[in-house]
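Here's the structure we're looking at; comments come further down.
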Amino acid sequence: MKYKRLFWPALFALVFAARLCHIDILWAEETLPLAAAAQMLHGKVIYRDIWFDKPPLLPAAYIAWGARDGFPLRLAGALYVLLACWLAWRFARGLWTRREGFWAAALLAFYLTFDIPSSVMPLAADLLMLAPHLAAVWLAWRGRSFWSGVLAGVAFLINPKGLFVLAACAIWNFSALPLLLTGFAIPNALAAAWLWQQDALGAYYDQVWKWGRIYAGGTFVTHPLVNGIARTAHWMGFHAAIVLAAAWFCLRDSKAERLRWILWAALSFAAIALGWRFFPRYYFQLLPIVVLAGARGFALLRPRHAAILALLLLIPFVRFGPRYALLAYDLAEGQPPHWIDVGMDQDSRAAAALVRQISAPGDTLFVWGFRPEFYTYTRLPAASQFLDSQPLTGVPADRHLTESHPVETQSTREHRAELARTHPTFILDGLGPFNPHLALSAFPDLQPWLAQYREVTRTRLTVIYKLARN
């Protein structure tokens, strides 16, 4: 019994220690909600005063710790993982026994630590939806359909793929579909009412749904089907321990129960395939299912066979475990990480330090490119509703470092005209050094506006402009 009492403190300690290794790093997927939350804390209204292309609960979550980076951000991430593991434990324990519960919690914590850092570290839309996804399906299984629907609605207010969570809940308790839909409608109706009261409902539709439809409607991947097959095969190989354990469970399970798990997995994979991009973080939609089924598979195996299968956990551990040691060493030595993956973040910190040296109280900032971390590092308020350049160029951030073809042009001209009516003290062009075709100076309709500014300095990846005062 003693090891059971130590399980949760040890789990949290390991998860938190891993995240503390990233205390001086911001990953791309967390920078925009962090910047948006900071603007909301200054009294701005999402969508009306801040252009944001994700549902409202994503930036709102960051308000819980004051939209701060560093220690508060990494502590919040560790607590969130602990919550997700607890939900997996409760769900697996309820379905089977405590043994499966401990397996599920441990496996989920492991894969939310030893996976691609840019996916598991940020509390971005796909990861932040994992806990309400688990909770909603768990409550559906328990027959708590109304509250299951409420949590599916919360998931939808974090990520549009929350619709697939609602469908998964229906699989587990279809007979109570009216209650499920009622629960789902309530948080969304409350959110819509608040947005309407703030005169932001129309902007919400344009930014989240209209832009989202345009974004999802075309992929930059040359061969999306081949890419999807390859990435899914890689994911299954990387997660081979739980994939094989889940397969063993499905083989041993009854036909009726097996169908429910297969349908849940199929729905989640459909969400992953939406938009034909297959980014690693999209697979968080599938991870809870495979973890739960894998936990049962491990429990069904004989201890010797389970130990042999668990050796496959060495694949992610060997791949990403040493990086934590290297980051911890750099932190102990007080030096920046020696890691090419964080090169842009290090440049952002350097550029922000230069801006802080020449800024004064009351100064404002505009960022060109997808570099919202500049708002966090400079501590300057945004001068415009646009925290990045996607709505100004029409080129999504998943391709604008190398491509220049816009997916939308009409609203972008209107947005640039709106930008030209603002007068930020500083402009940081974090896109031009990567892609000169999308440099701020490459847009003719912005050149008269940019003429009011002079370049004061630059880093390797950022050009810094300051308003020329008469």
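For the chain, what is the mean residue ellipticity at 222 nm derived from helices alone (per DSSP H run of n ≥ 4: -39500 (n - 2.57); sum divided by total residues; nearest 500 deg cm²/dmol)?
When only DSSP H runs of four or more count, the value is -18500 deg cm²/dmol.
Let a ≥ b ≥ c be the square roots of the eigenvalues of the Cα gyration tensor of the range 1-123; is it rounded (a/c under 1.5), or, if not, prolate (a/b larger than b/c) or oblate?
Prolate shape, in that a/c is at least 1.5 and a/b is the bigger ratio.
When a/c is below 1.5 the answer is rounded, else prolate if a/b is larger than b/c, else oblate, so apply that to the chain with a ≥ b ≥ c taken from the square roots of the Cα gyration tensor eigenvalues.
Note, shape of the chain comes out prolate.
So how tilted is helix 162-172 from the main axis of the chain? Cα-based, degrees 0 to 90, rounded to 10.
Between helix and principal axis, roughly 10 degrees.
Sort Ile464, Ile158, Ile23 so the one with the fewest other Cβ atoms within 10 Å of its own Cβ comes first.
Result, fewest neighbours first: Ile23, Ile464, Ile158.
From the Cα gyration tensor of the range 320-470, with a ≥ b ≥ c the square roots of its eigenvalues, which class applies: rounded if a/c is under 1.5, or else prolate if a/b is larger than b/c, or else oblate?
In terms of gyration-tensor shape, oblate.
Can you find, among Met129, Leu177, Leu225, the residue farthest towards the positive end of the dipole of the chain? Put +1 on the C-beta of Lys and Arg, -1 on that of Asp and Glu.
Leu177
Measure out, as a whole number of angstrom, how far apart the alpha-carbon centroids of the range 195-253 and the range 432-470 sit.
35 Å
In the chain, what is the count of Lys pairs whose alpha carbons are under 30 Å apart, counting only pairs at least 8 residues apart or on separate chains?
Lysine pairs meeting both conditions in the chain amount to 8.
Could you pull out the chymotrypsin sites (Phe, Trp or Tyr not before Pro) across the range 233-272 that fall in loop regions by DSSP (anything but H, G, I, E, B) with no more than 11 other Cβ atoms inside 10 Å?
Those that pass, being in a loop and sparsely packed, number zero.
What ranking do 106-115, 427-436, 9-18 get when scored by the average of other Cβ atoms within 10 Å per residue, highest first?
Final packing ranking: 106-115, 427-436, 9-18.
On a 0 to 90 degree scale, rounded to 10, what angle separates helix 130-142 from the longest Cα axis of the chain?
30 degrees
On a 0 to 90 degree scale, rounded to 10, what angle separates helix 98-111 from the longest Cα axis of the chain?
Once rounded, the angle reads 30 degrees.
Near Arg421, within a Cβ-to-Cβ distance under 15 Å, what is the net charge of the other residues, with Lys and Arg +1 and Asp and Glu -1?
-2
Rule-based calculations on the coordinates, nothing more; no lab input. Since the structure is predicted, the reported quantities are computational estimates derived from the model, not experimental observations. No Cβ is skipped: glycine too gets one built from the backbone with ideal geometry, and neighbour counts run over all protein chains shown.
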